[in-house]
1. Go through segment 124-140 residue by residue and turn each phi into a ³J(HN,Hα) via Karplus (6.51, -1.76, 1.60, θ = phi - 60°); whole Hz please, and just put x for glycine and proline.
2. P(r) for the chain: what percent of alpha-carbon pairs falls in each 10 Å bin, starting at zero?
3. According to the square roots a ≥ b ≥ c of the eigenvalues of the Cα gyration tensor, what is the shape class of segment 92-158, taking rounded for a/c under 1.5, prolate for a/b larger than b/c otherwise, and oblate for the remainder?
4. Please compute the length gained on full extension between L148 and R64, using 0.36 nm multiplied by the number of residues separating them and subtracting their Cα-Cα distance.
5. How large is ³J(HN,Hα), in whole Hz, for each residue of segment 84-94 in order, when computed from phi with the Karplus curve 6.51 cos²θ - 1.76 cosθ + 1.60 and θ = phi - 60°, using x for Gly and Pro?
6. Where only protein heavy atoms count, and the probe is 1.4 Å, what is the accessible area per residue for segment 13-158 in Å²?
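The values are calculated or read from the model by the stated rules, or taken from the named source; none is laboratory data. The model shown is predicted, which means the values in this text are computed figures rather than measured ones. Ligands, DNA and RNA are excluded from the accessible area calculation, which covers all protein heavy atoms including side chains. Shrake-Rupley method; radii C 1.70, N 1.55, O 1.52, S 1.80 Å.
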Amino acid sequence: MTSERPAGQAPVTRAPAGIDPRGPRVGAAVTALLLAVVVLLGASPAGLVLLAVVAAGFLLGAVRGAQGTVQGWLFKTLIRPRLAPPAELEDPRPPRFAQLVGLVVTGVGVVLGLAGVLAAVPWAAGIAFVAAGLNAVVGLCLGCELYLLGARLRPSAR
């Protein structure tokens with residue numbers, strides 16, 4: 001049976017299966033710790049290498065979702081089995097978008113660092129640290145909020 005829809009009407013899309021909201025928060029804590037080390041290393045080759053590692057993690061998250069990162073695997077295998085089931089599940093799209101935002105911020109720092117502007121490395125790490133720290137400590141995901149703002153601003157299909 002095929003479903004017919006009126007011309008000009010967008011197809012109905014279903015939200016993907018939900019994820020445990022504690023996973024991205026734990027991942028943000030690990031990421032914030034790594035970014036704090038980058039800030040402490042400063043404008044150095046070691047800081048650039050670690051920022052590139054963090055950016056690669058964000059790339060994984062942007063492609064596979066927050067649950068597809070190393071931090072997501074750590075949560076799933078080491079922490080999640082010791083917790084009670086979550087009260088509710090979260091849509092995985094906002095955290096995935098947040099991973100993309102993190103990739104852009106850290107990616108700019110990596111590209112500038114590779115171009116010889118090592119001073120950009122701790123700056124990019126500091127900006128990303130603030131976002132990751134807010135998520136880890138108080139549960140405020142800035143990238144998720146940007147995703148939701150974009151969803152509200154998008155014209156609705158009629």
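1. 4, 5, x, 5, 5, 4, 4, 5, 5, x, 4, 5, 5, 8, 10, x, 9
2. Reading the bins upward from 0: 11, 36, 28, 16, 7, 2, 0.
3. Working: a/c = 3.51, a/b = 1.76, b/c = 1.99.
Cα axes put segment 92-158 in the oblate bin.
4. On the way: separation 84, 0.36 × 84 = 30.24 nm, distance 1.94 nm.
Residue separation times 0.36 nm, minus the Cα-Cα distance, leaves 28.3 nm.
5. So the J values, rounded to whole Hz, are 6, x, x, 5, 8, 9, 10, 5, x, 5, x.
6. Values: 8430 Å² over 146 residues.
I get 58 Å² per residue for this part.
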